[in-house]
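The values are calculated or read from the model by the stated rules, or taken from the named source; none is laboratory data. This structure is a prediction, so every number in the text was calculated from the model and none was measured. Ideal geometry is used to build each Cβ from the backbone, glycine not excepted, and the neighbour counts take in all protein chains shown. Please note that ligands, DNA and RNA were not included when accessible areas were found on the heavy atoms of the full protein model with its side chains. Shrake-Rupley method; radii C 1.70, N 1.55, O 1.52, S 1.80 Å.
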Amino acid sequence: MIQILVIAILSLIAQLVLPWWSLAIVTFVVCFWRSSSALTAFVYSFLGIAIVWLGYSLWVYGQTDGVFIMRISQLVFKANNAVLPFVGTTILGGLAGGLAGLSGYFVRQVTGNQSMSHTA
Amino acid sequence: MRYLKAAIVSLLTVLLIWGLNRPWGSAPALGRLLSPFVGFWQNADPSTGSEDEISLVGTKAPVTVLIDDMAVPHVFAQNDYDVYFAQGYLTARDRLWQMEFQTHAAAGRLSEIVGERALPLDRFNREIGMLYGAEKALEAMMKDDTSKLIVEAYTAGVNAWIKSLKPAQYPIEYKLLGYSPEPWSALKCALLLKAMTSTLASGADDLQMSNVRQLLGSAVTNDLFPDYPDHKDPIIPPGTKWDFKPIPTPKQPDSVAVDNGLAMNWPGSNPAIGSNNWAVGAQKSATGYPILANDPHLTLSLPSIWYQIQLVSPTMNACGVSLPGSPGVIIGFNKDIAWGVTNVGADVLDFYKIKFRDAKKQEYLHGGVWKPVRRRLEMIKVKGLPDVIDTVYYTHHGPIVNQGGQKGFRANIPSGYAARWIAHEPTNELHCYYILNRAKKYDEYVQALAYYGAPAQNFIFADVNKEIAISPNGKFPLKWKEQGKYLLDGTNPAHDWQGWIPPAQNPRVRNPARGFVSSANQFSTDPTYPYYINWQFAPAERGIRINQRLAAMNNVTSDSMRQLQNDLYNLRAAMVLPKLLPAIADSKLKGDHVKALAMLKSWDYENDTSSIGATIFTEWNRQLSEAIWKDELDRGDSVLTRLPSFDRTLRLIERDPQSHWFDNVKTKTIETLPDIATTSFMATCDTLAKMHGPIGASWAWGKHKATSIRHLVPGLDAFSALNVQIGGGSGIVNATTERTGPSWRMVVELGPTPKAYGVYPGGQSGNPGSPNYQNMIETWRQGQLKELVYLQSVQDKNSRLKRKITLK
């Protein structure tokens, strides 16, 4: 579980200064460092990123009147549904992070010291 | 196995990230777009905060900017350089994408952004010489110390904003289309002004008129397309004395006909693009001072065409609207005067048939001499494809214009037509606005106008000294009568433009006896004016209606001016329906046709949103005109022609109901006005029934017209305002059509302290994520105006001021 927090914090810092895809490097590295199974690597990474992306977008929403989110829903999702931009954003961020985390786990499996991964 | 898994999953990850980080066709890079750190979320603008201090390099002294509740900046600068610097900075802050997009379009550079599909448009703009014209205008601007200072300050201000931007802060359109802003330049200011000339002064039907003359001969053409209309009310009241000694005008050459070998599809002028302005004198107003009103009609778009601003420096305190990309206030007022503009439909674009010596197109014949052709290479960058190089051939008349975008089109034509266009003249409109923004009295207004070139405008004026005036003003070529009504002969020097009408002799009227001045794009003057400006202008109905109302009004207030701006009376219908309706053969109608006729008969000629009569009349008027004229004049796409005006059609109906023109030459029977009126009426009802179902509420004018205010990127419906329910229409004082309409409405009460009102259909911010993106549309739709905050000094208290920014 600690990985979710580490991923969330590190990716938040990374994305403030680096391109958006720096989130993938963070989940890769964290899962390379520490993950017990493919499933947890993916899920923790997914959640770590999704929390940050959803949280940040909710914060933005809270600052504004929401009209713009509706316009984006129409534009990107072709539907008048203010929930879709949040769902889309959360899943997309989560997927990118999750897949990179999974890669980190598998790469660790073939290269690194495997005992580490079992101590978690 | 483990290796394979690692490789596959890693590869998938890289592919996914790569795929999300790049655009696919016209779809944007999704990862970048959805990321809350850099994507669209960053464009959601809370518009909060009250005090800001922005450190900038570039101002000479600190500038204070107060921002009111409509997000209008009020700029207080300590010198003229800083005031324009701040204008550039603030305009870019709200409208950067629009400023760049419009100037990219004018320069023929849209292909860089959207790819191959913009290539025909880019070629067209290159070949008509938009960039060439802007370069000439830039030279003129830079030669003049005043305009040089303005443009350089404004440019530095825009660039100060651009420099401060991180990609996450780019306007949403950059993120959707996947590009970045480039530095602003003085040339872009020139391009923006050329874009206005292109919008307002690039319509031409010289080819169509030449084709008509070939089909019908000179006598019939002159009869159907006369040089002065039947129903009229010119801008300069008839009887106004011309207080100048005219200079000689060129004689009309004996042989003027040019054969038209070229089928060129040139856009005609858009009759819905026009404007209203008027000013009533002190004797007619309730305040004892003049009141001035203006509403320019343009294609309604988002981000909005206009940007409100107040500019205060030691030399000025001007308030009103500006064009994003151009320094100064274009329509507005200061402490002493108010001014406004409407378009003058002068003929300032003509086509010359060029005779080249041979296929190499290196020399052309003019006055019996072979003269060299200049080549200009236009390099067009195309997104995702190699650059395209377009060679444009220049004669002394101007560039050879061929239909852009059609591959191989040029090769099929041994000789094309050269365009002589006012936009290629080195004019300096900025200096005109510089003086107007600071003017205190009539003389300074006249002095300002002499600087103005194009697009020619009816400059209306009122001042605190209780003077009013109007002048159709711009750089007008000195022409023989009807020069440029038809295509011209490029080999004959007598067909050249031969100088200019002296600016001091442009039509002008000051304090006319009737107590008001006005314009609505109609004829500038009656035929006593010694110079030729054009043979046709916008239809006179709006002008006639405005003058009728103004003549009848007394004790005018700003609110009665507002009501006139929203007048929905369809004068065209009132003129023609009493003649047409009795002509309909009732016996032939049945069912919904009968209902439709009854509705039209009981219609009060008001084009309000619920009116069904307005819908029927508008469609019928179009179909009737086609039914009368198309059989004789329409020759399909191979020989482009045009139909006579409504004014001429009305004359035919009023004075010549037996005319042979009513007969449809494609049938064996002989039709008369009643036949044509009846069949076109029934066809109209059928057309409307097909569109809207049986006659009823679905035929209402507001629903039928469905005015839309669209984002500049075609198809971006999510950022557009669609189906705005508002009355009006073409030829109505409230000239709101499907896509065009009043892009700004302003009423100014002159007086010891001027009081002004205004609104435009949009908002100060160009950002669809801002609450100020389209917050004024509803006020505009309802025909209401907002009082404009006009501050006398930076210390002024006003409860509508919300924020303060200091630039230093």
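Tabulated results
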{"item": "Residue in region B:154-197 that is most open to solvent (accessible area, probe 1.4 Å), counting only those that are part of a helix (DSSP H, G or I) and of a type in the set (Ser, Thr, Tyr)", "result": "B:SER164"}
{"item": "Residue match in region B:4-15 (condition: open to solvent by less than 60 Å² (accessible area, probe 1.4 Å), at the interface with chain A (Cβ under 9 Å from one of its Cβ atoms), closer than 18 Å to B:ILE172 by Cα and not hydrophobic (A, V, I, L, M, F, W, C))", "result": "no"}
{"item": "Region B:278-301: number of residues that are touching a Leu at 6+ places or on another chain (Cβ under 7 Å) and farther than 30 Å from B:LEU200 by Cβ", "result": "1"}
{"item": "In region B:757-771, residue most open to solvent (accessible area, probe 1.4 Å) [restricted to those that are in contact with a Gly (Cβ under 9 Å, 6 or more places away or on another chain) and either modelled with pLDDT under 95 or closer than 23 Å to B:MET316 by Cβ (or both)]", "result": "B:PRO771"}
{"item": "From A:GLY97, A:GLY66, residue being touching a Phe, Trp or Tyr at 6+ places or on another chain (Cβ under 7 Å) and open to solvent by less than 60 Å² (accessible area, probe 1.4 Å)", "result": "A:GLY97"}
{"item": "Hey, A:PHE42 more than 8 Å from every other protein chain (Cβ to nearest Cβ), touching a residue at least 60 places away in the same chain (Cβ under 8 Å) and closer than 27 Å to B:THR13 by Cα or not", "result": "yes"}
{"item": "Evaluation of A:GLN63 against (1) at the interface with another protein chain (Cβ under 7 Å from one of its Cβ atoms); (2) in contact with a helix residue (DSSP H, G or I) (Cβ under 7 Å, 6 or more places away or on another chain) (one fails), failing number", "result": "(2)"}
{"item": "Matching strands (runs of 3 or more DSSP E) fully within region B:338-378 where at least 2 residues are of a type in the set (Phe, Trp, Tyr) and within 30 Å of B:PHE523 (Cβ to Cβ)", "result": "B:349-353"}
{"item": "Of all residues in region A:16-39 being away from chain B (no Cβ under 11 Å) and surrounded by fewer than 18 Cβ atoms within 10 Å (Cβ to Cβ), the one that is nearest to B:ASN21 (Cα to Cα)", "result": "A:VAL29"}
{"item": "Verdict on B:ALA448 being surrounded by fewer than 19 Cβ atoms within 10 Å (Cβ to Cβ), among the aliphatic types (A, V, I, L, M) and at pLDDT 95 or above", "result": "no"}
{"item": "Residues being open to solvent by less than 30 Å² (accessible area, probe 1.4 Å) and either facing chain B (nearest Cβ under 9 Å) or under 19 Å from B:LEU33 (Cα atoms) (or both) - total across region A:45-60", "result": "6"}
{"item": "Residues of region B:198-236 classified as more than 20 Å from B:LEU478 (Cβ to Cβ) and either open to solvent by 20 Å² or more (accessible area, probe 1.4 Å) or in contact with a Gly (Cβ under 6 Å, 6 or more places away or on another chain) (or both), total", "result": "23"}
{"item": "Options B:ARG562, B:ARG542: the member that is assigned to a helix (DSSP H, G or I), open to solvent by less than 20 Å² (accessible area, probe 1.4 Å), touching a residue at least 60 places away in the same chain (Cβ under 8 Å) and among the charged types (D, E, K, R)", "result": "B:ARG542"}
{"item": "Residues being over 23 Å from the mean Cα position of the chain (by Cα) and away from chain A (no Cβ under 14 Å) - total across region B:748-781", "result": "8"}
{"item": "Filtered residues of region B:314-325 (kept if open to solvent by less than 10 Å² (accessible area, probe 1.4 Å), in contact with a strand residue (DSSP E or B) (Cβ under 8 Å, 6 or more places away or on another chain) and not aliphatic (A, V, I, L, M))", "result": "B:CYS319, B:GLY320, B:SER322, B:PRO324"}
{"item": "Single condition B:GLU152 does not satisfy, out of (1) modelled with pLDDT of 95 or more; (2) within 18 Å of B:GLU100 (Cβ to Cβ)", "result": "(2)"}
{"item": "Every residue from region B:122-153 that is acidic (Asp, Glu), open to solvent by 20 Å² or more (accessible area, probe 1.4 Å) and under 22 Å from the mean Cα position of the chain (by Cα)", "result": "B:GLU135"}
{"item": "Count of residues meeting criterion [more than 7 Å from chain B (Cβ to nearest Cβ) and either in contact with a His (Cβ under 6 Å, 6 or more places away or on another chain) or of a type in the set (Lys, Arg) (or both)] in region A:66-81", "result": "1"}
{"item": "Filter result (facing chain B (nearest Cβ under 10 Å) and open to solvent by less than 10 Å² (accessible area, probe 1.4 Å)) within region A:82-94", "result": "A:PRO85, A:THR89, A:GLY93"}
{"item": "Residue match in region B:69-90 (condition: modelled with pLDDT under 90 and either facing chain A (nearest Cβ under 9 Å) or open to solvent by 60 Å² or more (accessible area, probe 1.4 Å) (or both))", "result": "no"}
{"item": "Residue count, region B:16-45 (criterion: open to solvent by 70 Å² or more (accessible area, probe 1.4 Å) and either among the β-branched types (Val, Ile, Thr) or more than 7 Å from chain A (Cβ to nearest Cβ) (or both))", "result": "5"}
